[in-house]
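FYI, it's all coordinate maths here, none of it is from the lab. All values derive from a computational prediction rather than experimental measurement. Using ideal geometry, Cβ is built from the backbone for each residue, glycine included, and neighbour counts are taken over all protein chains shown.
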Amino acid sequence: MHERILIAGSGGQGVISIGKLLARLAAETIQHITFFPAYGAEVRGGTSNCQVILSSNEIAAPIAEKFDSLLVMNQQSTDHFMPLLDKNGLAVINQSMCKAHADDRHVLVPATEIADRLGNAKAANFVMLGVWLARKPLIPNRTVENAMATHFPDAPPALIDINIRAFRAGLDFSSSGDRKA
Amino acid sequence: MKKHFRVAIDRERCKGCELCIPVCPLHLLAMSTTMNRKGYHVSETVRAAECLGCIKCARMCPEAAIEILNVP
Amino acid sequence: MKKPEAAFFSRVLMMGNEAAAEGAIRAGCQCYFGYPITPQNELTAYMAKHMPERGRVFIQAESEVAAISMVFGASVAGARAMTSSSSPGISLKQEGISYMAGCQLPAVIINVQRGGPGLGSIDPSQGDYFQATKGGGHGDYHIIVLAPASAQEMHDMTMQAFILADQYRIPVMILADGRVGQMMEPVRLYEDSPPPAPPKPWALTGAKGRPPQYIRSLFMEERALEKHNYELQACYRQITATEIKAEETETGDCEWLIAAWGTCARISKGVVQKARAQGIKAGLVRPITLWPFPHERLARLARRSQVKALLVVEMNCGQMLEDVRLAVNGAAPVRFSGYPGGRVPTETDVLNALIELTKTNHHGKVEQPAV
Amino acid sequence: MKTPTSGYQRPASLTDAAMHYCAGCGHSSVHKLLAEVLDELEIRERTVGVAPVGCAVFAYFYFKCDISEAAHGRAAAVATGIKRALPDRIVFSYQGDGDLAAIGLTETVHAANRGEPITVIFINNTVYGMTGGQMAPTTLAGQITATSPTGRNPATMGCPIRMCELLNTLEQPYYIERVALDGHGGMVATKKALLTAFQTQVSGKGYSFVEVLSPCPTHFRCSPQDSLKFVGQKMAAQFPVRIFRKEGVPVHA
C-alpha cells in the first residue's frame, strides 16, 4: 500500500485539520507516514494545502509528484492541483465552490452546501473526508468519529457534533451518490 | 584610649595619580621625587605617625595601593 | 530478541520541529532561548509550553543575538542549553557561535534552513552548508554539523547533539531545512532518563572551595592565542577521527553515485530505487555529519573502478559539491544538480539529471565538466 | 560599612594582579569598591561576573570571583543566561558606555524590562577608552573625541543618552541609581550604591542598575584631579546624580 494524498483549499476551510487528523489516525495502523503542510510559496493568495503519504514501505522521498487522491475544496486548488492527479487517481471535488467536469476519476460533492444545511458551512472539510474515506477505506470510520473530540480538544461540543454529522453525510453521499450518478 | 594608625603605600601599585594627596586633612601625603619600577612618581607619607585613620586617602586610591594599619 | 509490537503503537506523529524540541527536553536541555522565525516557529512554541512546566528555563529573547548570548551564559554556568532559528537568524547567531567555539562551550543550535541570501524565502533550502561547515563566524574554528532527513532524526540527532557538545565542549548544529522541520512523521520518543552530562569543572558556578576561574576567548599574551588555536585544532582532529557518520544505499556495485544530504538524500534514495528499476546502477552516499565531512569515504567510493561519475544533489547552487570534489580529487567526474529557489526537487527531477549524466558517458568515463 | 577607626585593608576579593588601567582611571576605583562589596556581603564565592568588551575586558584578572567574557554589548544577555541557569548565584555585568548603551542597548533594555534579578554596573566615562577615545553614546555635546574631532554635534551625531532615565521608564527594575566618581564624597556614594545594588540581588528583590560617572584622564586629556572635576561639573550637569528607582518605585527628585 502506498497512498499519496493531497488536500487543498482556501485558508480557513480546514484542509490542514483533516490532513493532520488523517495522518494521526493512520499512524495507529499504518507503518510509514509523512504529512507536510505547505507553508511557503505554495500558500500564496490565501490557499492552503497539505500532503499525506501513507505507506507500508519506507517512504524515501517525502514529497510526491503525482497523487493517488486529491481532495480539493476551491476553484484555485482544483485548477492548480488536478494536473497532479495520477492517471488511476481519485479526486474528490467540492462542487459548491468549483466548476469541474465529472469523469470516472472525479467525485463531485456539494460539500459546503451539505455542511451549511447541517448548521456550519465550515464543516465541509469533514464531508470531503467522509466521501474520500468511503471510497478509500484506509481507516475505520468509527476511528474518525471517536477521535473527533480528542483531536480537537478546544472545539465546543456542538461543533464536534456538526463535524461528526458532516463526516457521516460524506460517507452517505459516497454510497448513495454512486447510485445517483 | 587613642588609636594609632600608619599609612602604608604599596609603591609598586601606585601609579602616581595624586588623588590621595589633597584629601588628607593633615597633608600627610606628598609626591615622591623617586620613581617605582614602572616609572611612576609615587605618593609617599610625610609625618606618617600623625595619621588619624580617616582612610580618605585609601578610599580615593583607585589601585587599592594604600592601606591604613592600626598601630598597637 | 525483537521488541514487542507495542512499541509501534507508542510512537507519536510529530512535526520535525516538535520532534527536535522533545528530543532536547529528553536530552536534559535545561535552558532554551529563542526568537521567532519561519519555518522553525513550532520549535520555539513547543519549548515555551513544555520547558516551564518542567521547571526549566524558556526565554523569548529580544533578538537572535541576545538568544545565542543567553545560551552562552547558560553554558558558562554549566547548563545544557539550546537555541533554534532559521537561516537569517542563524547569520545573527554567528557572533555567539564564534565566541562559544573560542571559549570551548557546549551548546546546541538548530537551523531549520530557509532560502537566501537576504530574506530569501521561507521555503526549504540547503543554502547554509557553507555557513555551517566552514565556520559562519570569524576565526579559525569548526562546529559539529548534523544533517537530519526525517522527524525521527530531528529527535535523535538533537539528543545526540547534546552528548557530542558536552563530550567535546563544542557547539553542535542541527542543519535541518523547512521540509524536515514542517513535516509530520511518526516518531519513537527516547524513553530513558537523559544521558548524564560529564562533569564540567570549567563551569562558572562561583568560586566556592576552589580558585576563581574565568571563561574567555581573548588571548593577548604572547603566543597564547596560537597555543589556544592548536588546542582547538587537536580537538577537531579527535572529532574527525571518531565522529564521522555517513549512510550508503546500494553502493556495492553502483556505477552512478549520488551524494546528497538531508532532504535531498531522502529524495535521492527514492531515485536510486527508480533508477535501478530502469537498469541504471545507481547508489547513494549520504553524509550525516557535514562537519566532520566523510572525505575518505567519498574518496574510497569514487576510486572504485566501476564508478563512472558522481552526482551531487542539493537545494543550493553547489556547496557540499565543493567538499565532494575535494574528496574525490579527480578520481571520478563530479556533476551537480541544484535547486536554489526554495523548491524541493522531485524524484523525477533528480532521476532526469541522473539519466542525463549517464548519457554523457561516451567512452566509459564521463568527461570532467567545467561546472 | 567599615568605620574609619578600623583602618583600611586592600579588599580580599581583589587579586594581586596590577590593574592595567591608566593612572586615575575610574575602572580601577569601581573595581576596588566592587571588591569591597563582595567582601562585606560575603558573596565572593557565589558570584559570577560578566566582563564587557572595552577597557574592562580583563576584569577577570582582577577579581577573585568567577568571571566570563561576553561578546561586545551582550553582557546583560550572558548574565541572564547564567542567572537563569543558576538562580541562587549572584550575577553581575560590568559594562562601559559603548558596550552597554550603544551596541548592547537592546540587551540592556530587555534584561531590565524582564526584571532579571542581576546587577548591572555601568561605567559612563563618555568615551571609548580601549579603542582610542572615540565618541560614545554618552559623549557630551561639543565634546571632542577621536571621531568627533570638532566636538559632538547633536544635529548629526545625536545627544548623550541618559541610561538611568531611559531604564526608569520600564516597570520591572527594582533599583536604579546614578553616582559620580567626582572626589571622596563620590567614592563613598558609589560604594553605597554598589552595596545597595548587590543587597537588592542578595535579598532576591530584582534588577539593579548603577551608573557610575567615571573619570578617563587619558581621553579627557587632563590630570586625574581635573578629570574628577570634569565628572562632577560637566558630566553631572548632563547626567543628574540621584536615585531614580528605589524598591521598585520611581523616585522623583
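Numerical summary
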| quantity | calculated |
| --- | --- |
| Sorted by Cβ neighbour density within 10 Å, fewest at the top, the residues C:PHE293, C:PHE130 | C:PHE130, C:PHE293 |
| Peptide C:53-59, shielding by other chains (average Cβ, 10 Å cutoff) | 2 |
| The protein assembly as shown: C-alpha gyration tensor shape, a/c 1.5 cut-off, then a/b vs b/c | prolate |
| Sites D:MET157 and B:LEU69, calculated FRET efficiency, Cβ-Cβ separation with R0 45 Å, nearest 0.05 | 0.35 |
| Residue with peak Gaussian network fluctuation, chain C [Cα springs, cutoff 10 Å], from C:ALA265, C:ALA176, C:ALA327 | C:ALA327 |
| Sequence ranges A:86-99, D:24-37, ranked by mean other-Cβ count within 10 angstrom, highest first | D:24-37, A:86-99 |
| Dipole magnitude (debye, nearest 20) for the stretch C:9-242, charges at Cβ of Lys, Arg, Asp, Glu | 560 debye |
| Tensor-based shape of the stretch A:2-180 (alpha-carbon gyration tensor, a/c under 1.5 rounded, otherwise prolate or oblate) | rounded |
| Prolate/oblate/rounded label for chain D (Cα gyration tensor, a/c 1.5) | rounded |
| Per-pair calculated FRET efficiency, R0 = 60 Å: D:ALA237 and C:ASN229 via Cβ, rounded to 0.05 | 0.80 |
| Sorted by Cβ density within 10 Å, fewest first, the residues C:LEU175, B:LEU69 | B:LEU69, C:LEU175 |
| Length-normalised contact order of the stretch C:248-359 in % [C-alpha pairs under 8 Å, at least 6 apart] | 30 percent |
| The protein assembly as shown - charge dipole about Cα centre, Lys and Arg +1 at Cβ, Asp and Glu -1, debye rounded to 20 | 1240 debye |
| Sequence ranges B:39-46, C:69-76, ranked by mean other-Cβ count within 10 angstrom, highest first | C:69-76, B:39-46 |
| Residue-averaged beta-carbon neighbours from other chains (10 angstrom radius) around A:48-55 | 1 |
| Computed over chain D: relative contact order in percent, which uses C-alpha pairs under 8 Å that are six or more apart | 18 percent |
| Theoretical FRET efficiency, 1/(1+(r/R0)^6), r = Cβ-Cβ of C:ALA277 and C:GLN238, R0 56 Å, to 0.05 | 0.85 |
| Mean separation of Cα contacts under 8 Å (6+ apart) over length of chain C, as relative contact order % | 17 percent |
| Average beta carbon contacts from partner chains per residue of A:26-33, 10 Å cutoff | 4 |
| Spatial separation of Cα centroids for the stretch D:134-178 and the stretch A:113-155, in angstrom | 63 Å |
| Between helix C:151-168 and chain C: long-axis angle, C-alpha atoms, 0 to 90°, nearest 10 | 60 degrees |
| Quarter of the Cα convex hull surface for chain C, i.e. its orientation-mean projected area (nm²) | 21.1 nm² |
| Residues C:ASP140, C:ASP192, C:ASP156, sorted so that the one with the fewest Cβ neighbours within 10 Å comes first | C:ASP192, C:ASP140, C:ASP156 |
| Beta bridge orientation in the stretch A:1-141: antiparallel %, DSSP, nearest 5 | 55 percent |
| Between the stretch C:96-148 and the stretch C:9-76, the alpha-carbon center distance in angstrom | 17 Å |
| Among D:TYR60, D:GLN233, D:PRO173 - extreme Cα towards positive end, dipole of the stretch D:18-250, charges at beta-carbon | D:GLN233 |
| Simple Cβ-charge dipole of chain B, Lys/Arg +1 and Asp/Glu -1, about Cα centre, in debye nearest 20 | 120 debye |
| Exceeding the 29 Å Cα-Cα cut-off - candidates C:LYS93/D:LYS83; D:LYS83/D:LYS246; B:LYS15/D:LYS192; B:LYS38/D:LYS192; C:LYS134/C:LYS274; A:LYS20/C:LYS49 | B:LYS38/D:LYS192; C:LYS134/C:LYS274 |
